[in-house]
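The values are calculated or read from the model by the stated rules, or taken from the named source; none is laboratory data. Predicted, not measured: the structure shown is a model, and the values here were computed from it. Note that each Cβ is placed from the backbone with ideal geometry, even for glycine, and that neighbours are counted across all protein chains shown.
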Amino acid sequence: MKKVALSLFVIGSLVTSCSSDDDNTTSETQIAAPATYQFERNGTSTVSYGGQTTRILMAGELVSGFSDTSKSETDISAMFAHVEGNNDFSDVDLNASNKSVRSKTAASTDYYSANTTAAAAIKADFDAFITDQVNNVFPNWSIDATAGNAGQIQQAGGGSIRYVNAKGLENNQAFAKGLIGALMADQILNNYLSVAVLDAGDNRANNDADVLDGSNNYTTMEHKWDEAFGYLYGTDDALAPQLGADNFLNKYLARVESDEDFTGIAQDVYNAFQLGRAAIVAKNYTVRDTQADIIREKISEVIAIRAVYYLQAGKVDLGTDYASAFHSLSEGFGFIYSLQFTRQPGTDSPYFSKSEVDAFTTELMEGNGFWDVTSETLDNMSESIAARFNFTVAQAGS
Amino acid sequence: MFKKALFLMAIISVVAACSSSDEGSGNNNDDFDRTALLTNLSNNIIVPVYQDLNTKLADLVTQKNVFIAEPNQVNLEAFRTSWYNAYKVWQSAEMINIGRAAEINYVFQMNIYPTNVSDIQNNIQSQNYDLAHVNNNDAVGFPALDYMLYGLAENDADLLGFYTTNSEAPKYLAYTSDLTDQMNALTQDVTSSWSSYAQTFINNSNNTATGSINKLVNDFIYYYEKGLRANKIGIPAGNFSATPLPDRVEAHYRSDVSKALTTEAVTAVKDFFNGNSYNGSASGESLASYLDYLNTIKNGEDLSTLINNQFDTAQSKIDILDSNYILQINTDNTKMTEAYDALQMAVVLLKVDMLQALNISVDYVDADGD
């Protein structure tokens, strides 16, 4: 008995000594995280994420295109799948760019490199929002929407006019909020923060030896991390984020931050980006990956909180102010769609699988869609979503 | 005693788990017989493949000469059959881009598709061309012959017209003839180089970036990713573009053999991985046996088994495709992307897990466009 106890003790201490190598609290003290997201080599910045800024701006113009009835399906589709040199945007810099939003939609290494079948289905969903908008909503732009018929519908009290499809869904909201998951979250959580991308090829050896990426002032690994950063802060002030700089993830991080139940989340995310980047400079990949997991958890939460928030907001207006309800539910629809791109830390899986998400959106669109969705459905869905996260429906819905 | 052994085992496993998470399972100094591996690949796969291809191309030249002398339907069919037979063997050769083949960019002169019809037509018109020039990489080889044998016209009568009644028939005959002779000359060159190169190849068995195993394994994975996965399935299925591109399929003009060629390619990849002789059913040291020797396990399963299973899964996804990929893409492209996805699943096993086990660095990088 004594021997067994002793051996267990020895094994236990081995396990401890083993895991203490990985223990980030010990390691973190060795890394001096800078006060802001500022990193230099030989006096010059090593931070670069122009391609991400470009895509956020493209996505912004593209979503505006949903409200411009002079645009054809081809016009909007071309903004989605931009080809270098084509005059798809009002901004000449965007036209000159070789970047495209569509090519990075549902395109992460971890989720879609071996699942192009799902990626193609997701891209087709986004294409369908464009098609529906141009072919069904645009022709009914000045006609009042009714159950089963696309058209316009005004919020109570002389509020905003919303343009909805036959099921009460605003295609622009579904598209924009869906893109928060399919483009921003997927690229950040499942691509650029992925070990498969950060450590691809000789990235780790090169980062260890300070071998730079061609003529650039950064190592490839540093750049990958910055590209993740760029999908969130690409149109914001990197050194002092103001938040609300775009109409995508950046804005909704601000919205969640402003809910007192979640105050501090924005700083947590920024700090994790900073510390992870500093860890790459310090060649400490354990700390790097710990920060990646923090970002995965928080950004997944932002998406889930907003999904529940809008389902609850829509519920309140249901039956009294259809336009307001439809607007909220359309945003909620997009955030629910985005759940399939979230990432549970420490796993290769989203919080909700594609088939679970498809079941949610199918349920919302059943029959006449938002025209006859019930409070009970919205509550059940809210509870199902919140149950997998660390927040309650009440917290998200406030 | 038993308890003690168990105790020691526990410690060892803890220590092992500890160190394996700190660094990749490096094995610079394993005792695997790398020379035997290279010898098997050289003697039983590479050289026999080139010899067979050389024979098939000699036949292609023969059939071509018969056709040139008398361009009729019967001779056209014989020429086409010979082209197809050679194209099938080619599927075993494309992955071997080492030695003379690498020096002369053999692959670029044999199977770049889609072929460039305007370049071909310009060559035909000008009758002044250097088929080995890099600008002509997409105007030569099997894809160019595909166009000359199937793509010139909608039907065979009209196609034969280009070689008979057309005012420029001599030019069409000359280009077809030159293309075929060039493919044959290149193949003879590469095949004969191995009579001396084989020994150099086998002797260069060390684990360095220029070692034979390192280079050949990189070629193999690169081919799997690009030549097989992307070119044959992914690009036509639209995985790298906004919409599917059915005109990018291999053997586009013949159009009903794309699946057969892919199947040949997957079989060749599997045989190479397992060290199966090209002629006969023997097998020898291989990447698979090397992994087994290193006892490479992933998720509790031998990595070699996982890779072979994935090749089989991919083949089963290819089996259900239409023999004509253009029809498949236009009717149900999902089956194409599913085949691609199954092929891709093996890329991770090969490129990450196998390379890590063999302690080989990737010598090429994919750009993601940012």
| message | Contact list please: Cβ distance under 7 Å, first residue in segment B:232-243 and more than 8 Å from chain A (Cβ to nearest Cβ), second residue in a loop (DSSP other than H, G, I, E, B) and of a type in the set (Asp, Glu), pairs at least six apart or on different chains. | response | B:LYS232/B:GLU250
| said: Looking at (1) surrounded by 20 or more Cβ atoms within 10 Å (Cβ to Cβ); (2) within 14 Å of another protein chain (Cβ to nearest Cβ), which one does B:TYR290 not meet, given that it meets all the others? | reply: (2)
| Looking only at residues in segment B:157-170 that are buried (at least 16 other Cβ atoms within 10 Å of the Cβ) and touching a residue at least 60 places away in the same chain (Cβ under 8 Å), which one is farthest from B:PRO71 (Cα to Cα)? | B:LEU159
| note | A:LYS71 vs (1) touching a helix residue (DSSP H, G or I) at 6+ places or on another chain (Cβ under 6 Å); (2) away from chain B (no Cβ under 11 Å); (3) part of a helix (DSSP H, G or I): all pass except (3)
| field | Number of the exception - A:SER90 against (1) within 14 Å of another protein chain (Cβ to nearest Cβ); (2) surrounded by fewer than 19 Cβ atoms within 10 Å (Cβ to Cβ); (3) not in a helix (DSSP H, G or I) | value | (1)
| Identify, please: which residue in segment B:249-270 is touching a Phe, Trp or Tyr at 6+ places or on another chain (Cβ under 7 Å) and in a helix (DSSP H, G or I) and is, among those, farthest from A:HIS82 (Cα to Cα)? | B:LYS270
| query | Could we say that B:ARG229 is buried (at least 18 other Cβ atoms within 10 Å of the Cβ), within 20 Å of B:ILE329 (Cα to Cα), more than 14 Å from every other protein chain (Cβ to nearest Cβ) and touching a residue at least 60 places away in the same chain (Cβ under 8 Å) here? | reply | no
| Sole exception among (1) surrounded by fewer than 19 Cβ atoms within 10 Å (Cβ to Cβ); (2) farther than 24 Å from B:ILE235 by Cβ; (3) in contact (Cβ under 8 Å) with a residue 60 or more places away in the chain for A:ASP125, by number | (2)
| request: Can you confirm whether segment A:106-113 contains a residue that is farther than 17 Å from B:SER241 by Cβ and away from chain B (no Cβ under 12 Å)? | output: no
| request: Inspect all residues belonging to segment B:278-288 and state whether any of them is more than 20 Å from B:ASN116 (Cα to Cα), part of a loop (DSSP other than H, G, I, E, B) and in contact with a strand residue (DSSP E or B) (Cβ under 6 Å, 6 or more places away or on another chain). | output: no
| query | Within segment A:322-333, is even one residue without any contact (Cβ under 8 Å) to a residue 24 or more places away in the chain and either over 30 Å from A:VAL287 (Cβ atoms) or part of a helix (DSSP H, G or I) (or both)? | reply | yes
| message | Looking at segment B:336-362 only, could you name the residues that are more than 9 Å from chain A (Cβ to nearest Cβ) and more than 20 Å from the chain's Cα centre (by Cα)? | response | B:ASP353, B:GLN356, B:ALA357, B:LEU358, B:ASN359, B:ILE360
| task | Identify all residues within segment B:69-92 that are surrounded by 23 or more Cβ atoms within 10 Å (Cβ to Cβ) and aliphatic (A, V, I, L, M); write none if there are none. | result | B:ALA86
| task | Pick out the one residue from A:ALA81, A:ALA59 that is more than 14 Å from chain B (Cβ to nearest Cβ) and either within 30 Å of A:LEU169 (Cα to Cα) or among the small types (Gly, Ala, Ser) (or both). | result | A:ALA59
| field | Complete set of residues in segment B:322-341 that are farther than 16 Å from B:LEU245 by Cβ and not in a helix (DSSP H, G or I) | value | B:ASP322, B:SER323
| note | If you go through B:SER323, B:SER283, B:SER304, the only one that is buried (at least 19 other Cβ atoms within 10 Å of the Cβ), more than 14 Å from chain A (Cβ to nearest Cβ) and hydroxyl-bearing (Ser, Thr, Tyr) is B:SER304
| message | Of everything in segment A:27-68, what is over 26 Å from the mean Cα position of the chain (by Cα) and assigned to a loop (DSSP other than H, G, I, E, B)? Give them in sequence order. | response | A:THR29, A:GLN30, A:ILE31, A:ALA32, A:ASN42, A:GLY43
| query | Say we look at segment B:189-242 and pick out the residues that are among the β-branched types (Val, Ile, Thr) and in a loop (DSSP other than H, G, I, E, B); which of these is nearest to A:SER113 (Cα to Cα)? | reply | B:ILE235
| said: Can you pull out every residue in segment A:132-173 that is touching a Ser or Thr at 6+ places or on another chain (Cβ under 6 Å) and either assigned to a helix (DSSP H, G or I) or surrounded by 24 or more Cβ atoms within 10 Å (Cβ to Cβ) (or both)? | reply: A:PHE138, A:LEU169, A:GLU170, A:GLN173
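Every residue, every condition in (1) of a type outside the set (A, V, I, L, M); (2) part of a loop (DSSP other than H, G, I, E, B); (3) surrounded by fewer than 24 Cβ atoms within 10 Å (Cβ to Cβ); (4) in contact (Cβ under 8 Å) with a residue 60 or more places away in the chain, yes or no:
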residue	(1), (2), (3), (4)
A:GLY181	yes, no, no, yes
A:ILE188	no, no, no, yes
A:LEU232	no, no, no, yes
A:THR235	yes, yes, yes, yes
A:ALA238	no, yes, yes, yes
| message | Given the condition more than 14 Å from every other protein chain (Cβ to nearest Cβ), over 30 Å from A:PRO345 (Cβ atoms) and either surrounded by fewer than 21 Cβ atoms within 10 Å (Cβ to Cβ) or of a type in the set (Gly, Ala, Ser) (or both), answer yes or no: does some residue in segment A:98-105 qualify? | response | no
| query | Which of the residues spanning segment A:307-338 are surrounded by fewer than 24 Cβ atoms within 10 Å (Cβ to Cβ) and touching a Ser or Thr at 6+ places or on another chain (Cβ under 9 Å)? | reply | A:GLN312, A:ALA313, A:LYS315, A:VAL316, A:ASP317, A:LEU318, A:GLY319, A:ALA323, A:SER324
| task | Please enumerate the residues belonging to segment B:185-226 that are closer than 17 Å to B:THR55 by Cα, under 21 Å from the mean Cα position of the chain (by Cα) and surrounded by fewer than 20 Cβ atoms within 10 Å (Cβ to Cβ). | result | B:ALA185, B:GLN188, B:ASP189, B:SER192, B:SER193
| field | Among the residues listed as A:VAL357, A:VAL316, the single one being at pLDDT below 95, in a helix (DSSP H, G or I) and of a type outside the set (Asp, Glu) | value | A:VAL316
| field | Scope segment B:113-127; condition touching a residue at least 24 places away in the same chain (Cβ under 8 Å), over 12 Å from B:LEU179 (Cβ atoms) and crowded, with 20+ Cβ neighbours inside 10 Å; matching residues | value | B:TYR113
